[in-house]
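Note sheet for the following structure.
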Amino acid sequence: MSARSSHATSDSKSPSPFPMESLDQMESDELMNFLEELERTNEALKKETEMFDKYLKRIDPKDLHQRVTLPNELTQHDIGKFGRKKGKNRMSSTADRGLLKLSVEQKCDIATREVEVLREEMVRKDKEYEQLLDSYKATIAEAEVRFGEVKKEAYEFERDVTRGGVNPRIGKIMAERVVKFYDDKLRSKDTMIEKLRLKNTSLRCKCKKFTLHLKQKEESGEVRHEVDFKQLKIENKRYSEHYEEKNQELLKLKLTTGNTLQVLNTYKKKLHALSVESAHLDNELKQRQDLLDKIEVETRGATRVSSILYTTHSSPLNRNVRRLKRSTKKLDINWKTIEYQR
């Protein structure tokens, strides 16, 4: 609005920034660029004006002076005059006394408020559409259940009445079967109605109990207010950050545990190989020990046999040796006697 008003003021008080002589001197490309620039400016001004109109329609005119600060050059007399005059007189007095312009901060404030309103509107629309979607889903689910029930009833009617209720003599459906079929259906419907009634009664009792409990909480001051929910949101955010940190630590511990398990598996494989080798060596040592025991037993037996044999054969041999020594000694004596006699 301010830009459009400034253009109007410049047209009425100051010469145009682009006089006709300069426009006549422009080339076609420059004129096209100038036209595109004007179109973009007009589009921006149009959007700005629409936004400001929405803002003015939504706020109370009494609060306008509190929300929008007027320019410094307008005095209280001008403001009163501006508020008293209507129609063309108001426009003429505004044009004479000065234009109501908005600063950049005010425009940003209005745009921020409009964005918040749009966000609230979007949230409200999302809730409405979610409710509408839930109602449509519930209607579809109900239609599907109803369709299944009708299909089941049609199948049961065909099974019990159309095919099972035919009189074999006359070839027609017996009326008793039709009456019995519908009586059974009505009894089942009555049973379902009674169950739903009891369920509805229990739900009403629960609702009354919860309402009474809520009133008691309100009286005792235990009801959560908006400040409490904000505090809970802050605590929830803090706990979420703490939970995220713990998750990161847990991830690191999992990685460390994985590496430790890999090392442990390697050592387990080495231990298994050493255990197999140790068992093989123990088995071989046992075999050699058994062989050594057998050799010792055989050695003891051979020693015993040799000692027995030595004992058995040594006595006659010793006697023969002694006899031979005595005979040899006699021969020596006889030989010496003979030599002496010579």
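The values are calculated or read from the model by the stated rules, or taken from the named source; none is laboratory data. A quick note: this is a predicted structure, and the numbers were derived from the prediction, not measured. Ideal geometry is used to build each Cβ from the backbone, glycine not excepted, and the neighbour counts take in all protein chains shown. Accessible surface areas use protein heavy atoms only, side chains included; no ligands, DNA or RNA. Shrake-Rupley method; radii C 1.70, N 1.55, O 1.52, S 1.80 Å.
General remarks:
- Residue in the range 173-184 that is modelled with pLDDT under 90 and in contact with a strand residue (DSSP E or B) (Cβ under 7 Å, 6 or more places away or on another chain) present: yes
- Across the range 135-149, the number of residues qualifying as open to solvent by 90 Å² or more (accessible area, probe 1.4 Å) and of a type in the set (Val, Ile, Thr) comes to 1.
- Taken as a whole, the condition of being modelled with pLDDT under 80, of a type in the set (A, V, I, L, M, F, W, C), surrounded by 10 or more Cβ atoms within 10 Å (Cβ to Cβ) and part of a helix (DSSP H, G or I) applies to Ala95.
- All told, Met122 falls short of being at pLDDT 55 or above and in contact with a helix residue (DSSP H, G or I) (Cβ under 6 Å, 6 or more places away or on another chain).
- Comparison of Lys172, Lys189, Lys152, Lys180 shows that the only residue that is over 30 Å from Arg58 (Cα atoms), surrounded by 12 or more Cβ atoms within 10 Å (Cβ to Cβ), among the charged types (D, E, K, R) and over 36 Å from the mean Cα position of the chain (by Cα) is Lys180.
- Single match in Val123, Val145 (criterion: within 30 Å of Val178 (Cα to Cα) and under 34 Å from the mean Cα position of the chain (by Cα)): Val145
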